[in-house]
Amino acid sequence: MPKNLVQKILDSHVASGTPKAGEPVELVIDQTLTQDATGTMAYIQLEAMGVDQVKTELSVSYVDHNTLQSGYMNADDHAYLQSVAAKHGVLFSRPGNGICHQVHLERFAKPGRTLIGSDSHTPTAGAMASIAMGAGGLDVAKAMAGLTYRITYPEVVNVRLEGELPHGVSSKDIILELLRRLSVKGGVGRIFEYTGPGVKNLSVYQRATITNMGAELGATTSIFPSDETTRAFLARQQREEDYMPMEADPDADYDETVVINLSGLQPLAACPHSPDNVKPVSELAGMKVDQVSIGSCTNSGFEDLMKAANVLKGKTVAPNVSLTVSPGSRQVLTKLIENGALATFVQAGARILECTCGPCIGMGQSPKTDGVSLRTFNRNFYGRSGTLSAGVYLVSPETAAASAVAGVFTDPSTVDYSDAIPAEPSYVDDSMICQPSDDPESVEIIRGPNIKPLPENTPLAAHIEKKAVIKLPDNITTDHIAPAGAEVLPYRSNIEKLSTFVFRNNKEGFADVCQANDGGFIVAGENYGQGSSREHAAMAPMYLGIKAVMAKSFARIHKANLINFGIIPLTFGNPADYDDIDEMDVLAIEDTTQAATGKVSVKNVTKGTEYVMDCDITDDDFVLLQHGGALNFIKNSQPL
Ligand code: F3S
């Protein structure tokens with residue numbers, strides 16, 4: 001049977017289960033990555049499992065999110081992460097070395113490997129023909145402990161690329177076009193495999209922009225074949241030995257095929273407040289712009305920044321615009337210094353930020369009140385920038401740079417600049433990547449006051465009666481549940497404090513309501529928990545006593561996180577039942593063991609009505625729920 005590329009890699013990693021779309025399979029994981037905002041909890045969980053040395057081929061801990069050190073908290077986290085990595089056999093990428101996905105692509109990703117990371121944009125490494133998936137920190141900790149990772153075997157969508165990108169149009173516009181067509185729910189349960197004659201016209205950086213933002217489709221991951229372009233990229237990274245050609249067999253089957261003609265694309269922008277709210281830049285042309293930010297794991301590679309530099313060369317940023325540039329890694333920054341592009345940015349008036357996530361995670365550079373901010377990032381959810389009234393538009397580096405110069409939204413295909421990118425030098429610098437200790441027993445783990453013990457959950461009660469403490473609309477993101485931003489992020493290893501911020505933009509005093517009512521249930525619409533992989537969006541509600549989330553549908557990673565933390569994910573069998581529930585209604589799950597059967601009856605005690613809800617979980621998931629979450633289960637099982 002001919003196989004597509006996804007099947008080839010997945011099938012060689014299936015430890016158990018039937019490799020058939022919709023069926024659960026357990027996968028062997030070769031590599032893991034963590035970043036600091038989710039990593040502290042992942043390593044606290046790894047320690048709780050009693051694991052001495054990680055069992056993966058490669059595990060890397062990156063510090064790229066909470067790099068602002070205005071108090072002791074982030075510095076405490078960094079010191080903990082560095083010491084725990086040294087002790088347990090994990091590589092440690094120091095703060096400022098680069099954004100996890102950019103550095104991983106440059107230094108570690110390999111064709112044919114499986115990678116999970118406690119960051120939802122881990123699929124970036126799909127540009128290197130890895131099956132790379134975002135996961136909750138606990139799942140990453142389990143993989144480091146040598147346990148398998150369960151996914152639902154996905155449908156595979158063939159995205160066939162034809163033609164070549166015209167002047168002013170970039171790979172960002174390819175993924176924005178797909179988001180325009182398929183929406184933020186269009187990828188759920190699917191992997192997008194890119195094929196066709198257009199693939200060879202895209203560099204690894206361009207492919208990485210697409211695989212990175214495939215996360216916004218809700219996809220399990222995205223992947224490109226490994227070809228001569230991949231080989232040349234690896235050779236420039238001085239690791240050509242990692243190259244292995246990989247592509248689908250001729251006549252391989254796909255569940256669906258989508259064709260995109262690159263030659264027919266135009267510059268696009270995702271408008272506030274969703275990555276699928278996509279319009280042509282030409283329709284937005286002339287709108288005044290206040291801020292332009294170039295960088296993030298989506299568009300901060302050598303080629304992205306060189307394209308922006310080409311547009312900015314010899315120009316000055318408009319007086320009404322603040323332009324920031326965050327290179328994706330020190331390697332990229334060094335190349336820009338050496339070829340003069342950094343001088344181009346500085347001379348154009350750009351503010352150069354460190355090689356980290358920065359404004360993408362709300363670490364500085366919040367736009368002004370009611371500001372219009374053009375960003376080359378991947379998310380523009382309400383409030384993520386730190387300014388609730390700001391409108392964030394997601395664009396390509398070319399659109400960003402052209403608009404920064406003009407001071408208004410500008411279609412770069414109408415601007416004259418050079419498309420020629422200078423050859424990328426072969427330059428490697430791993431000096432800020434610390435190797436694990438040769439003598440792990442002697443390493444003391446540094447636990448400052450910001451490193452708090454894990455919150456614990458109780459086993460599942462037989463009968464749960466609680467209030468619907470919040471009722472939410474469709475597309476609630478993990479940014480809504482556990483917000484980001486400089487004020488909140490330093491508490492990622494302090495769940496008690498972090499829980500006071502839960503739903504702060506949806507319902508003031510949510511934590512107090514939970515406390516006053518001894519926890520409760522969350523009621524939500526479609527696609528609950530989309531966005532970032534942060535398990536804090538399950539852990540903090542668990543801490544507040546949330547026992548179940550009743551939603552029209554769930555985002556994949558968040559649903560897994562809920563189960564990992566002992567919260568029952570229920571979906572409305574009849575969506576009209578959602579309308580029947582009002583906030584603060586008393587709801588009762590009469591018999592929680594019904595969760596194992598797939599159907600759960602829920603009484604609305606206030607209204608005197610009853611609903612049958614779906615509980616789409618496996619037998620193993622139910623066991624985790626019974627224990628009050630995966631960590632309790634692991635701790636109660638044999639030591640690893
Ligand atoms: Fe960082 Fe933003 Fe990517 S927070 S990992 S640059 S989505």
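The values are calculated or read from the model by the stated rules, or taken from the named source; none is laboratory data. Values in this document were obtained by computation on a predicted structure and should not be read as measured data. As a convention, Cβ positions derive from the backbone with ideal geometry for all residues, glycine included, and neighbour counts pool all protein chains shown.
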For this session: Filter segment 290-327 down to residues that are in a loop (DSSP other than H, G, I, E, B) and away from the ligand (no atom under 16 Å from the Cβ), then give me how many there are.
Result: 10
Exercise. Does segment 590-610 contain at least one residue that is closer than 25 Å to residue 22 by Cβ, buried (at least 17 other Cβ atoms within 10 Å of the Cβ) and of a type in the set (Ser, Thr, Tyr)?
Worked result: no
Problem set entry | Residue match in segment 138-145 (condition: within 16 Å of the ligand (Cβ to nearest atom), aliphatic (A, V, I, L, M) and under 21 Å from residue 16 (Cβ atoms)) | yes
For this session: Tell me which residues, restricted to segment 583-640, are more than 28 Å from residue 151 (Cβ to Cβ) and not in a strand (DSSP E or B).
Result: 583, 584, 585, 590, 591, 605, 606, 607, 608
For this session: Go through segment 144-247 and tell me which helices (runs of 4 or more DSSP H), entirely inside it, have 2 or more residues that are closer than 25 Å to residue 401 by Cα, in contact (Cβ under 8 Å) with a residue 60 or more places away in the chain and in contact with a strand residue (DSSP E or B) (Cβ under 9 Å, 6 or more places away or on another chain).
Result: 171-182, 204-213
Exercise. Which of (1) out of contact with any Gly (no Cβ under 9 Å at 6 or more places or on another chain); (2) without any contact (Cβ under 8 Å) to a residue 40 or more places away in the chain; (3) not acidic (Asp, Glu) does residue 572 not meet, given it meets every other one?
Worked result: (2)
Exercise. Which residues, taken from segment 260-275, are away from the ligand (no atom under 16 Å from the Cβ) and assigned to a loop (DSSP other than H, G, I, E, B)?
Worked result: 265, 266, 267, 271, 272
For this session: State the number of residues belonging to segment 323-365 that are among the small types (Gly, Ala, Ser), surrounded by fewer than 20 Cβ atoms within 10 Å (Cβ to Cβ) and modelled with pLDDT of 95 or more.
Result: 3
Exercise. Residues that are touching a helix residue (DSSP H, G or I) at 6+ places or on another chain (Cβ under 8 Å) and not assigned by TED's automatic domain parsing to the domain that holds residue 67: which helices (runs of 4 or more DSSP H) entirely in segment 486-579 hold 3 or more of them?
Worked result: 495-498, 536-543, 556-564
For this session: Answer yes or no as to whether residue 573 is surrounded by fewer than 18 Cβ atoms within 10 Å (Cβ to Cβ) and modelled with pLDDT under 95.
Result: yes
Exercise. Restricting attention to segment 107-128, which residues are more than 16 Å from the ligand (Cβ to nearest atom) and part of a helix (DSSP H, G or I)?
Worked result: 128
For this session: With the condition kept exactly as written, say whether any residue in segment 461-473 is within 25 Å of residue 366 (Cβ to Cβ), crowded, with 21+ Cβ neighbours inside 10 Å and either touching a Ser or Thr at 6+ places or on another chain (Cβ under 9 Å) or not aliphatic (A, V, I, L, M) (or both).
Result: no
Exercise. Given the conditions (1) in contact with a helix residue (DSSP H, G or I) (Cβ under 7 Å, 6 or more places away or on another chain); (2) free of Cβ contacts under 8 Å to residues at least 60 places away in the same chain; (3) of a type in the set (A, V, I, L, M, F, W, C), and given that residue 58 satisfies all but one, which numbered condition is not satisfied?
Worked result: (1)
For this session: Considering every residue within segment 380-400, establish whether at least one is at pLDDT below 95, within 12 Å of the ligand (Cβ to nearest atom), β-branched (Val, Ile, Thr) and farther than 26 Å from residue 421 by Cα.
Result: no
Problem set entry | Flag for residue 385 being in a strand (DSSP E or B) and under 28 Å from residue 529 (Cα atoms) | no
Exercise. Of all residues in segment 273-301, which are farther than 30 Å from residue 342 by Cα and buried (at least 17 other Cβ atoms within 10 Å of the Cβ)?
Worked result: 273, 274, 276, 277, 278
